[in-house]
Each structure stands twice: as C-alpha cells, then as structure tokens.
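**Student:** Below is a structure I'd like to ask you about.
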C-alpha cells in the first residue's frame, strides 16, 4: 500500500462501473442501473461484455499434471517433519510452563503450613521433637512434589505422542 | 476428518506436520492455483512455481493466522511468486505473449498495443486467444482481473492479496476491462457466456 497507488487511480465513471459489473456478472446498483438505461455508451455494454467473456473463457482447460501432489508431498516431507518436531516442542514447553507455573505458590503455601505447624507443636512438645516432626513432614512433602513434577514431562511427552498419532490417522 | 475440515483447520494440522491435511488442501486448490499461474503468463514454469507455492505453505504453516482466510493467503503467496518470476525473466529472450511488453523495453507484461493505433494492430491481434488477451495487460491489471473475474475474489479480498487499497483494485479492474474491451472491439468474436469462478 503506497501513496503512489492512490495517485494512479483515475476518475471512474458510471460507464466503467457498468462495464465491470456486466463482465463480472454482478448486479448493478440503482444509480448504475438508471445510468445504463439512459446512456448511449452503455447501450451495447452487455453485448460487449458477453463477447469479451467468451474470449476470456475460450482457453484450454488447465489441469494439474498426474503425480504433482506426490511430487510436492515428497519435497515437503522434510518441512512437515520439521513442523511436527516444532509443534511437539512448542506443546511440550506449553505443558511444562502450565505445570510449573503454580509451583512457587505450592512451595510458599507448604512453607507457611509447616511454620504454623512448628509453632503449634512447639507450644505442646519439646522444640527438638517439634523440629523433628516438621522436618519429617517437609521431607515427605518435598519427595511428593519431586515425584509429581518429575512425572510431568514424562506424561506430557506421552500425551503428545498420542496426539501426534491421532493427527496422522 | 480432513475432508470435512475448513481450510484454516487443515492449515493448523499442516502446522503440526500432517501430510494428509496438506494433500487435502492441494486437492482443493491445486487446479485453481495452476490456472492462475498459467493465466498470469508463467506457462513454462507453472509446475515449479506451484510447487514452490505449496512448499511455502508448508514452511510458513506455523505462522499462518487462523483469523485470515487460507485462500487469500495462498493467492498472496502465489501472486508474489509470479511477480518475482516476471522480474527474473525480464532480461531473458521472449517466449510468449506474457513477456511481450518486456521485449519492447516497457513494463513487464505491458500491452502489445500500447502506443500503437488500434486499427493498425487489429490485424496483428486477429488471432488473440484468452492468454494473449491477458498478456496484453500490465501485470498489476492482469492480477486484479484474474482474481476478480476468474477466481471470484471480492474487491476487499483482491486488495488483501495484492497488498493495495480497494480503490486501486477497482481502478485497475476498470482499466483492464476498458483495455480488453478495446481489444475486443478491434477484433470481435460472436457469442458469449458468463463464467463460474475457479475457486473451491
């Protein structure tokens, strides 16, 4: 879209509108239709448009050569394979981001709960015993989180593989 | 199922590397695309140019905006390839009508009648077939005529494909039709029929 494009636009007359509409087989709007009925230049426009249409359609029918699709698909195979790899990688990254995004919140909540539990336990139990119990709970939570998040990439990869199979059926 | 999916859904599958989706898109558009390319004057290299268009579709599938129509995007790629082809062929020997203008030091695809008396050229143009009629138009006008007349694109779609304002599409089409009608008047042929657009 350049300023030059606008400069090359000439004033368009109603006769132009009529000629183009007739060639394209489009209906004339009210103004153009009224003009077409009264204009001597447009009087023979329909016949001229039909004659031109005949010329433009009098061409040999072009068909796609046999084997063209196979040739293109063979040439496109590396591109499709690259698309497949990229789509898988993108999906994997999205899944991992979605899975790991809430992790800081989970850790913060756990820390907050453990601190609360430690304070409660310290009121009724000896400090060392409270610390031992809270550390045990913390270790268990840590192990559970590691197991859960360690499984995310494996599950995501497995799901993507299933989706890829589905796409290619 | 690719057969029932929209073009845009199929493009999403192509972006995921689906070969069947690309095959389905080709089944829908390979013929209109080839006809466009040939009418544009790229007869000799039509296969290679069409193949390159489809490879670009596969290559850029991930960047395809699903809010757009696939057909306009595909034809945009093809129009650009045709322009490049004409630009590359500018200095080469002339083979057919499409490059006629270039041989006379004018714009690529410029009218063979340009600057000449219509009456004097009527005889020369007596055997004009559809391809030579189209070749008599400058590239910009030819592109608009092909998209609007043969492929049934709307003014807005043609403007999107060609990357120009709608007013420019309109004026180029008017100029193209006026020029073709003057050629037709110089060498009339009887009869006529309306054409169905070459688009799935």
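Throughout, read-outs are computed from the coordinates displayed, never taken from laboratory work. Because the structure is predicted, anything quoted here is derived from the model rather than measured. We place every Cβ from the backbone using ideal geometry, glycine too, and count neighbours over all the protein chains shown.
**Student:** With 10 angstrom as the radius, rank B:29, A:132 by how many other C-beta atoms surround their C-beta, starting from the fewest.
**Tutor:** Exposure proxy ranking, most exposed first: A:132, B:29.
**Student:** Can you give the calculated 222 nm mean residue ellipticity of chain A, where each DSSP H run of n ≥ 4 adds -39,500 (n - 2.57) and the sum is split over every residue, rounded to the nearest 500 deg cm²/dmol?
**Tutor:** Computed mean residue ellipticity for chain A: -27500 deg cm²/dmol.
**Student:** With a 10 Å cut-off between alpha carbons and a GNM built on chain A, which of A:81, A:157, A:61 moves the most?
**Tutor:** A:61
**Student:** What is the packing order of peptides A:105-114, A:46-55, taking the mean over residues of other C-beta atoms within 10 Å and listing the highest first?
**Tutor:** Details: A:105-114: 12.4, A:46-55: 19.6.
So the order, starting with the most tightly packed, is A:46-55, A:105-114.
**Student:** What angle, in degrees between 0 and 90 and rounded to the nearest 10, separates the Cα long axis of helix A:127-168 from the longest principal axis of the Cα atoms of chain A?
**Tutor:** With both axes taken from Cα atoms, the answer is about 30 degrees.
**Student:** Per-residue Cβ counts within 10 Å, from other chains only, averaged over B:35-45: what number is that?
**Tutor:** Values: counts 5, 1, 1, 3, 3, 0, 0, 0, 1, 0, 0.
Rounded to a whole number, the mean comes out at 1.
**Student:** To make sure I understand, if each residue's beta carbon is the centre and we count other beta carbons within 10 Å, what order do A:149, B:149, A:118 fall in, fewest to most?
**Tutor:** A:149, A:118, B:149
**Student:** Still on this model: Arrange the following residues from fewest to most other Cβ atoms within 10 Å of their Cβ: B:11, A:140, B:26.
**Tutor:** A:140, B:26, B:11
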